[in-house]
Amino acid sequence: MISQVTAGAKQSCNGASQVMARLGLVLGVVALVGASKARAQDLEPRAYVDTPVGMNFLIASYAYSEGGVSTDPSLPIEGAELQLNNFVLGYARALNVFGKSGKIDLIVPFSQLSGSALLEGKPVERDVTGFGDPLLRFSVNFYGAPALSMKEYQSYRQNVIVGASFQVTAPFSQYDTSKAVNIGTNRWSFKPGLGVSKAIGKFKLELSTGVTFFTNNNDFFHGNTLEQDPICSVQAHVSYDFGRGVWAGVDGTYYLGARTTINGTSENNMQENSRVGVTFALPVNKHVSIKLYGSTGLSTRTGSNFSTGGIAWQYRWGGGL
């Protein structure tokens, strides 16, 4: 009788351990997909513009995001949520790329991420702080935006600009394989992109697209292997120049893909979501400007439907300014 009770207890503990391990895997996927989707969902108006060669930009920003996250519906998990405080320090420089205007960007994020869920009615939480994956991006405008000095730029008038970009994120960040939820992703990502910008009077119309590819995370939560399908994204922006460097825009994005696979087992979490946002830029003086931005989910098939608000400070110098 005692042996039967002991065996039953062991089975219950094993079952609970399997559920908790599965929960850890799912929450880890939530964090990683959330991080990769945040990159896919970045609303970046005026990404393809002409900038005087030699100009430098230092950017510091803060954003707060919160919202619900859906997980595998076969698991007894409810009320999953994430809250993210994200600080970013970035540097950019305008380049002359064989007579065309180009730019290089380096972005380093530092984040505080909280995750919570109900497992069979009991709360499960995780709170983690650390550096995120740094991002390096190179872009060039191969049509409609020649490399110009500050003096030449003063007489430049935009018509149609067509450009391309390539960005890389590196796994040089906080990561603990014993924890399901991390700031870093422990893998590389690569994103080629194309964009077009059209000026009509004081309006600028923009359309850009890109595909993000991921390497495998072979040490995901106690040595599991995590694979993720590419994310395809498209963005559209309409902005208006009020003069003296003040502008405002309405932004939208749609993205598809990102299904994950754990140890060869595919998850039912393909993303097909859209977001809308607004941006407002205000110069303080010729060196300093402030940008306010916000966005929220418009439609969500699976995954995060969250809201974000933030502020960015930018200092620019060089290039004859």
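The values are calculated or read from the model by the stated rules, or taken from the named source; none is laboratory data. Bear in mind that the values here come from a model prediction, so they are computed numbers and not experimental data. Because the Cβ atoms are built from the backbone with ideal geometry, glycine has one as well, and the counts that use them run over all protein chains shown.
A residue that is buried (at least 17 other Cβ atoms within 10 Å of the Cβ), of a type outside the set (Val, Ile, Thr), touching a helix residue (DSSP H, G or I) at 6+ places or on another chain (Cβ under 9 Å) and not in a strand (DSSP E or B) cannot be found anywhere in the range 274-288.
If you go through the range 212-238 and keep only what is over 21 Å from Gly277 (Cβ atoms) and hydrophobic (A, V, I, L, M, F, W, C), you end up with Phe213, Phe214, Phe220, Phe221, Leu226. I'm checking my understanding of the structure. Among residues of the range 160-182 that are in a strand (DSSP E or B), touching a residue at least 40 places away in the same chain (Cβ under 8 Å) and of a type in the set (A, V, I, L, M, F, W, C), which one is nearest to Phe220 (Cα to Cα)? Out of the qualifying residues, it is Val162.
Among what's in the range 253-273 and is small (Gly, Ala, Ser) and not in a loop (DSSP other than H, G, I, E, B), pick the residue that is nearest to Gly310 (Cα to Cα). This residue is Gly257. Does Ser139 satisfy being of a type in the set (Gly, Ala, Ser), surrounded by 14 or more Cβ atoms within 10 Å (Cβ to Cβ), modelled with pLDDT under 95 and part of a strand (DSSP E or B)? Considered against the rule, which asks whether it is of a type in the set (Gly, Ala, Ser), surrounded by 14 or more Cβ atoms within 10 Å (Cβ to Cβ), modelled with pLDDT under 95 and part of a strand (DSSP E or B), Ser139 comes out as no. For the range 149-159, which positions are within 18 Å of Ala199 (Cα to Cα) and either part of a loop (DSSP other than H, G, I, E, B) or in contact with a Gly (Cβ under 6 Å, 6 or more places away or on another chain) (or both)? Answer for the range 149-159, where residues must be within 18 Å of Ala199 (Cα to Cα) and either part of a loop (DSSP other than H, G, I, E, B) or in contact with a Gly (Cβ under 6 Å, 6 or more places away or on another chain) (or both): Gln154, Ser155, Tyr156, Arg157, Gln158, Asn159.
Of all residues assigned to the range 233-242, none qualifies as being in contact with a His (Cβ under 8 Å, 6 or more places away or on another chain) and either surrounded by fewer than 19 Cβ atoms within 10 Å (Cβ to Cβ) or outside any loop (DSSP other than H, G, I, E, B) (or both). Among all positions in the range 204-226, there is no residue which is of a type in the set (Lys, Arg), surrounded by fewer than 19 Cβ atoms within 10 Å (Cβ to Cβ), assigned to a strand (DSSP E or B) and at pLDDT 95 or above.
Here Thr185 meets each of (1) part of a strand (DSSP E or B); (2) among the hydroxyl-bearing types (Ser, Thr, Tyr); (3) under 19 Å from the mean Cα position of the chain (by Cα) with one exception, condition (1).
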